[in-house]
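**Student:** Sharing a structure below in C-alpha cells format, with a few things to ask.
The values are calculated or read from the model by the stated rules, or taken from the named source; none is laboratory data. Just so you know, these numbers come straight off a predicted model, no measurement behind them. Note: ideal-geometry Cβ built from the backbone for every residue, glycine included; neighbour counts use all protein chains shown. The protein model used for the area step is the full one, side chains on, heavy atoms only, and it has no ligands, DNA or RNA in it. Shrake-Rupley method; radii C 1.70, N 1.55, O 1.52, S 1.80 Å.
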Amino acid sequence: MANILEIDGLMKSFGGIKATDNVNLAVEENELHAIIGPNGAGKTTLIAQLSGQQMPDAGTIRFRGRDITQVPAHARARLGMTRSYQITSLVMGMSVLDNIALAVQAKDAHSFRFIRSARKIASLRDEARRYLAEVGLADRADAPTVNLSHGEHRLMEIAIALASEAPLMLLDEPMAGLGPEESAQMVAFLKGLKGKRTILLIEHDMDAVFALADRISVLVYGHIIATGDPASIRGNDDVRHAYLGEE
Amino acid sequence: MTQGLSRSTVATVILLGLLAVLPAVFMAMDNEYYVGLATRLVILGIAATSLNLILGYGGLISFGHAAFVGIGAYAVGIPVHHSLFGGFQIVASNNGLFHVALAVVISALFALITGAICLRTKGVYFIMITMAFAQMVYYLFISIDTYGADDGLVIYQVSQVPLIDLSEPLHLYYLAFASLVAAILLVRMIVNSRFGMVLQGAKGNPERMVTMGYNVYRYRLVAYVISGAMAGYSGALLANYEGFISPDMMDWAQSGEFMFMVILGGVATTLGPILGSTLFTVLEEGLQIVMDWMEPAVEPAYVALFGRDLEFEVYWHLPFGLILIFAVLFVRGGIMGLIRGGKD
C-alpha cells in the first residue's frame, strides 16, 4: 500500500531537550496508525510539526510524495490534512454550527467574499449540519460553543476534522478528559472511520489504542523505539520495558 | 436573544432617526453651532465604525487609527492649498471627488504597507507598532513647513462636489450622515459575509483558523486596508468640516479617543461606535456647559485659595476621564451592552 505520510530523520530540540529525536515513520493510506508513549515523549510536538505549527530543526516530511517540510500550516491544511487538539481548540464566541461551517467554508478556493451573508448560504449550513449530525450534535447546532460540555467539545473537534474532508486526520488525544461512556462512543465512532480516512492517532487510553489501531508506533524521549501491529507491540520487550512498565 | 436583537434594533432606529432629523431642526431654529456638533459626531462615528471592523470584529487592537483620518484630511488640504497658491500641479485641485479618491487610495496604501508589517506581530507589540507608524506620520507632517508644520494648514476652500455645496452646513451634514449610514451597512455586510466569518473566527482562535486552512494574515490585512480606507474617507469629510488640519489630528491621543468611542459604545456591535462617538461629543460639550454653570459655586473657594479667577470649564477633562474609567470598569460591553440588558 502507498504511504500517505513519510517522516524522515525529523529533529526538534527545545534548549537541551530533544523533543523529536531522529523520527522516521511511514503512514500508509487508510490505515489507523497510533502513536503511544509516556508523558513528555514528544507526541504533541510531533503532531505540531506535521501540521506545520512548529518547524523541525532537521529532517523531511512528505505528504503523498511531496516534500512539505517548508510548507506553512494553512497551506498544509489545504493539501489535505487536518488536526484536532488535545486541549480543545474552537472558536468559543461563535455558535456550534458557525464553527463547523467555517471548516466547510475552508474548502472553498478562498473566502474573500464580502457580499452574501455566510449564515444564509444554505450549502455551507446544510453540510455543516450533516457533520454535526454525524457526531450526534445536531440538536446543539445553534448553541453558543462556550455552553457545551467538554465531551461535546471533543465531538466538535471531530466534526471539524470530518468537515475538512481531509484524507489525513491527525488526532491528538481525542479521548482526553472523556468519561468511560463517552470514550466508548468515541472509539465506536473512530472505528466507523477506519478504512475511509488515514488517521494518525495519539492516545493515552491503551484499551482504545489496541482496539482501534492497525499499527502502533511507540515514542520514547522523542525517539520511535518500535513500530508494528498491536500484537507485536504488546509482545515487544523494549516497549514493555520502556513504556508499559515492568511487571 | 431575540429580545436583545429587537432592543438594539429599536436603539438603532431611534439614534439614526434623531440624527436624520435634529440637525434640520437646529438649522430651522438658527442654531448652526449644534449642526456643526452633529456633523463632527457623525464624522467621528464613521472613523469609529471603521475602527470597529478591525478592533471589534477582528480583535486587532490598532492604536494608530488617527493616522488614516489625518491622511484623509491632508488629502483635501494639500490639493486645495496648491490649487490656491500654486505648485505641485499634479495634485492641485479643488475637486471633491478627486479629494475623496486621493484620501481613500493613500490611506488604503498606507494601511497595506504598515499593516503588512504590523500584522506580523501580536498582542502588545501590535498595539505599539501601529502607534509607532501613526506617530511617524504625525512627525512627518510636523516637519513639512509648506503645510504649516505643527501650526497646521487652513483650508480656504471646501471640496467642490456636484449638486451640493459643502460650505452649507446642512449639505455637509447630510453628506456625512449618508456616509455614516453607508459605512454602517458596509461593515455589517462585511462582518456577516464569508470573509467576515473568517475575520471573527481568527479573533476567537487564530491557530484553529490556520489549521482549518485559512491564511489568517491575508484576511486580516485585507480587513486592515478596508478599515484604513474608510477612516481616510472620514478624514476627508473632517477636513471640510473643520476647515483646518493639523498634525494634532493624528496624534496618538486622538487614536486613543477612537478606541474609547468603540469600547465605550460596545465593541463588535453595529451601533456601538456611533453611540460612542455621540456620547464622546456630547460629554465633551456637555461637561463644559455643566462646569461653567457650576462655576459660581466653586469660585469663591478657589479665589480664596489661589487668589485668582477660576475658569472652571477648562478642567472638563477631569470628570471626562473619570467617566471613561468608570464606563470601562463597570459597564461591560459598553453602551450596547447596557441596551441589550447586561448580556455579553
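**Student:** Checking A:A138 against (1) within 12 Å of chain B (Cβ to nearest Cβ); (2) open to solvent by 40 Å² or more (accessible area, probe 1.4 Å); (3) aliphatic (A, V, I, L, M), only one condition comes out false. Which one?
**Tutor:** Only one criterion is unmet by A:A138, namely (1).
**Student:** Could you check, for the range B:79-89, whether at least one of its residues is open to solvent by 10 Å² or more (accessible area, probe 1.4 Å), touching a helix residue (DSSP H, G or I) at 6+ places or on another chain (Cβ under 9 Å) and within 20 Å of B:L180 (Cα to Cα)?
**Tutor:** No.
**Student:** Hey, can you tell me all the residues within the range B:150-160 that are of a type in the set (A, V, I, L, M, F, W, C) and surrounded by fewer than 19 Cβ atoms within 10 Å (Cβ to Cβ)?
**Tutor:** B:V154
**Student:** Any idea which of (1) in a helix (DSSP H, G or I); (2) over 21 Å from B:S246 (Cα atoms); (3) modelled with pLDDT under 95; (4) hydrophobic (A, V, I, L, M, F, W, C) is the one B:L37 doesn't satisfy?
**Tutor:** Status for B:L37: all satisfied but (2).
**Student:** Just to verify a result, which residue in the range B:9-26, among those that are in contact with a helix residue (DSSP H, G or I) (Cβ under 8 Å, 6 or more places away or on another chain) and buried (at least 17 other Cβ atoms within 10 Å of the Cβ), is farthest from B:V267 (Cα to Cα)?
**Tutor:** Residues of the range B:9-26 in contact with a helix residue (DSSP H, G or I) (Cβ under 8 Å, 6 or more places away or on another chain): B:11, B:15-16, B:19-20, B:22-24, B:26.
Keeping just the survivors that are buried (at least 17 other Cβ atoms within 10 Å of the Cβ) gives B:11, B:19, B:23, B:26.
Working: B:A11: 16, B:L19: 21, B:P23: 27, B:F26: 31 Å.
The residue in question is B:F26.
**Student:** What residue, among those in the range B:91-141 that are among the hydroxyl-bearing types (S, T, Y) and farther than 14 Å from B:G70 by Cα, is nearest to the chain's Cα centre (by Cα)?
**Tutor:** Our first condition is that a residue be among the hydroxyl-bearing types (S, T, Y); within the range B:91-141, this holds for B:93, B:107, B:114, B:121, B:125, B:130, B:138-139.
If we keep only those that are farther than 14 Å from B:G70 by Cα as well, we get B:93, B:114, B:121, B:125, B:130.
Working: B:S93: 25, B:T114: 19, B:T121: 24, B:Y125: 23, B:T130: 16 Å.
Looking at the filtered set, the residue picked out is B:T130.
**Student:** Between residues in the range B:316-328 that are more than 17 Å from B:G276 (Cβ to Cβ) and residues that are modelled with pLDDT of 85 or more and open to solvent by less than 30 Å² (accessible area, probe 1.4 Å), which pairs lie under 6 Å by C-beta distance while being six or more apart or on different chains?
**Tutor:** Matching pairs, first to second residue: B:W316/B:L287; B:W316/B:M291; B:P319/B:L287.
**Student:** Give the residue, chosen from B:L140, B:L109, B:L119, that is surrounded by fewer than 24 Cβ atoms within 10 Å (Cβ to Cβ) and touching a residue at least 12 places away in the same chain (Cβ under 8 Å). Spell out how you get there, then give the answer.
**Tutor:** Numbers: B:L140 fails: touching a residue at least 12 places away in the same chain (Cβ under 8 Å); B:L109 fails: touching a residue at least 12 places away in the same chain (Cβ under 8 Å).
Only one candidate passes the filter, namely B:L119.
**Student:** How about the range A:73-110: which of its residues are aromatic (F, W, Y) and either within 7 Å of another protein chain (Cβ to nearest Cβ) or not in a loop (DSSP other than H, G, I, E, B) (or both)? Before you say what the answer is, go through the steps one by one.
**Tutor:** Narrowing the range A:73-110 to residues aromatic (F, W, Y): A:85.
Listed by number, the list is empty, since nothing qualifies.
**Student:** Looking at (1) hydroxyl-bearing (S, T, Y); (2) farther than 20 Å from B:S255 by Cβ; (3) surrounded by fewer than 19 Cβ atoms within 10 Å (Cβ to Cβ), which is the only condition B:T39 fails?
**Tutor:** (3)
**Student:** Something else about it: Within the range A:69-80, identify whether any single residue is crowded, with 24+ Cβ neighbours inside 10 Å and closer than 20 Å to A:N30 by Cα, and answer yes or no.
**Tutor:** Yes: the range A:69-80 contains one or more residues that are crowded, with 24+ Cβ neighbours inside 10 Å and closer than 20 Å to A:N30 by Cα.
**Student:** Looking at (1) within 25 Å of B:G334 (Cβ to Cβ); (2) under 21 Å from the mean Cα position of the chain (by Cα), find the lone condition where B:V198 falls short.
**Tutor:** Among (1) within 25 Å of B:G334 (Cβ to Cβ); (2) under 21 Å from the mean Cα position of the chain (by Cα), B:V198 violates only (2).
**Student:** So which pairs qualify, if the first residue must be in the range A:159-187 and polar (S, T, N, Q), the second must be in a strand (DSSP E or B) and crowded, with 20+ Cβ neighbours inside 10 Å, the Cβ gap must be under 8 Å, and the two must be at least 6 apart or on different chains?
**Tutor:** Pairs found: A:S164/A:T82.
**Student:** Assigned to a helix (DSSP H, G or I) and either in contact with a strand residue (DSSP E or B) (Cβ under 6 Å, 6 or more places away or on another chain) or surrounded by 17 or more Cβ atoms within 10 Å (Cβ to Cβ) (or both): which single residue out of B:G232, B:G286 fits that description?
**Tutor:** Numbers: B:G286 fails: either in contact with a strand residue (DSSP E or B) (Cβ under 6 Å, 6 or more places away or on another chain) or surrounded by 17 or more Cβ atoms within 10 Å (Cβ to Cβ) (or both).
Going through B:G232, B:G286 in turn, just one is assigned to a helix (DSSP H, G or I) and either in contact with a strand residue (DSSP E or B) (Cβ under 6 Å, 6 or more places away or on another chain) or surrounded by 17 or more Cβ atoms within 10 Å (Cβ to Cβ) (or both): B:G232.
**Student:** Looking at the range B:245-253, is at least one residue closer than 17 Å to B:V137 by Cβ, among the acidic types (D, E) and under 10 Å from the mean Cα position of the chain (by Cα)? First the steps, then the outcome.
**Tutor:** Looking only at the range B:245-253, we keep the residues that are closer than 17 Å to B:V137 by Cβ, and these are B:245-253.
Add one more test, that the residue is among the acidic types (D, E), and what stays is B:248, B:251.
If we keep only those that are under 10 Å from the mean Cα position of the chain (by Cα) as well, we get none.
No - not one qualifying residue is present in the range B:245-253.
**Student:** State which residue is farthest from the other protein chains (Cβ to nearest Cβ) when the search covers only the range A:111-134 and only residues that are small (G, A, S) and touching a residue at least 12 places away in the same chain (Cβ under 8 Å).
**Tutor:** The extreme case among them is A:A128.
**Student:** Looking only at the range A:12-29, decide whether some residue is touching a residue at least 60 places away in the same chain (Cβ under 8 Å), surrounded by 22 or more Cβ atoms within 10 Å (Cβ to Cβ) and not in a strand (DSSP E or B).
**Tutor:** no
**Student:** Let me ask you something else. If B:G152 passes every condition in (1) away from chain A (no Cβ under 14 Å); (2) farther than 30 Å from B:V35 by Cβ; (3) in contact with an Asp or Glu (Cβ under 8 Å, 6 or more places away or on another chain) but one, which one does it miss?
**Tutor:** Result: B:G152 fails condition (2) only.
**Student:** Answer yes if at least one residue in the range A:96-105 is open to solvent by 10 Å² or more (accessible area, probe 1.4 Å), closer than 22 Å to A:M156 by Cα, in contact (Cβ under 8 Å) with a residue 12 or more places away in the chain and not assigned by TED's automatic domain parsing to the domain that holds A:L5, and no otherwise.
**Tutor:** At the first step, the residues of the range A:96-105 found to be open to solvent by 10 Å² or more (accessible area, probe 1.4 Å) are none.
No: zero hits.
**Student:** Another question, then. Failed condition for B:A268, given (1) at pLDDT 85 or above; (2) in contact with a Gly (Cβ under 8 Å, 6 or more places away or on another chain); (3) in a helix (DSSP H, G or I); (4) open to solvent by less than 40 Å² (accessible area, probe 1.4 Å), with all others met?
**Tutor:** Every condition holds for B:A268 apart from (3).
**Student:** Out of everything in the range A:30-54 that is away from every other protein chain (no Cβ under 14 Å) and in a loop (DSSP other than H, G, I, E, B), what residue ends up being most open to solvent (accessible area, probe 1.4 Å)?
**Tutor:** So in the range A:30-54, the residues away from every other protein chain (no Cβ under 14 Å) come out as A:30-43, A:45-46.
Then drop every residue that is not in a loop (DSSP other than H, G, I, E, B), which leaves A:30-31, A:37-42.
Numbers: A:N30: 62, A:E31: 10, A:G37: 0, A:P38: 41, A:N39: 132, A:G40: 74, A:A41: 3, A:G42: 11 Å².
Selected residue: A:N39.
**Student:** Looking only at the range B:169-211, which residues are open to solvent by less than 30 Å² (accessible area, probe 1.4 Å), farther than 19 Å from A:V104 by Cβ and at the interface with chain A (Cβ under 9 Å from one of its Cβ atoms)?
**Tutor:** Scanning the range B:169-211 gives a single hit, B:I190.
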